[in-house]
Amino acid sequence: MVTANFEKSRFAEIRLSSRIVGVMLVAVLATGCQSRGGPETTGSIGGMSLPSFGRPQSQGVITRREVESLGEKYAADSNDIALAVRYAQALRATNQKTQAVAVLQQVALRNPKNTAVLAAYGKSLAEVGRFNEAAEVLQNAHTPARPDWRVLSAQGAVADQLGDHARAQGYYEAALKIQPNDPVILSNLGLSFMLARQLPQAESSLRLAAGQPGADARVRQNLALVLGLQGKFADAEAVSRQDLTPEESAANAASLKRFVAQPTSVRAIKASDARARAADRG
């Protein structure tokens, strides 16, 4: 079997390789919204997208003056929950994520049973890499009787970052029962399978995601990545061509070929794990 340290280093390489060849792992715009209908998504965690909670203050670019104005209003009335959440959203939109966490932490302390606040706070914790804390907060951001697909999706992204891919996949599948065929959730599920070295399952989930009306270029490039990691370079190039120039898609395919051809490639890891599973069954 491969060692834990080897697994971590190889999948860190996968992420690095994906950046080198220009493939984006479901990274949503820091301040924008997806063009598809439905709830917006903002920010990303290691390639896994997180759903936003609440409506953005503005559909356009938030200016520094707008942030300052919200800050002044918040300072004057820190008990206004809606105002505090808008201020935190503005801080996140202007890459002041640590400050957003501080604002939402205070709101959450004053409103420990407000699930919308806890959801926003948990997401902000995840955005700054405080994954264990985020997992604890998100666990209380909804109830089994009233599950929130956005929270479930966020819990999946956090679990993937903590290396618990089986748990992450359970969260994504639960979210899909409430929000069927959502391309972002499906894409995150596919990436989770990829990180768990379950490449055929990753391809299946990403093909389904890419086939949805709301799927964008990032979803398709995730599919191209997983196809390439399986050696299906012609298929990967064909998918990439939907959004990239022929030259760019060919360059991506060439880079993936070089990566997979390495002696310690994903293919070798997959073969090692297959042998281990066979030994376990024996």
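Numbers at a glance
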read-out	value
FRET efficiency for GLU248 and ASN132, using Cβ-Cβ distance with R0 set to 51 Å, rounded to 0.05	0.85
Packing-based ranking, highest mean first, of 113-122, 248-257 given that Cβ atoms within 10 Å are counted	113-122, 248-257
Ranked list, fewest to most other Cβ atoms within 10 Å of each Cβ, for TYR87, TYR172	TYR87, TYR172
Anisotropy class of segment 163-221 from Cα gyration tensor, a/c 1.5 cut	oblate
Exposure proxy ranking, count of Cβ atoms within 10 Å, fewest first, for VAL67, VAL184	VAL67, VAL184
Prolate/oblate/rounded call for segment 183-255, Cα gyration tensor, a/c under 1.5 rounded	oblate
Highest average packing first - 100-108, 145-153, Cβ atoms within 10 Å	100-108, 145-153
Fewest-first sequence of LYS123, LYS97, LYS73 by Cβ atoms within 10 Å of each Cβ	LYS73, LYS97, LYS123
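Every number here is computed from the coordinates shown, using simple stated rules; none is lab data. Predicted model only: the values in this text are computed from it and were never measured. Every residue, glycine as well, gets a Cβ built from its backbone with ideal geometry; the counts of neighbours run over all protein chains shown.
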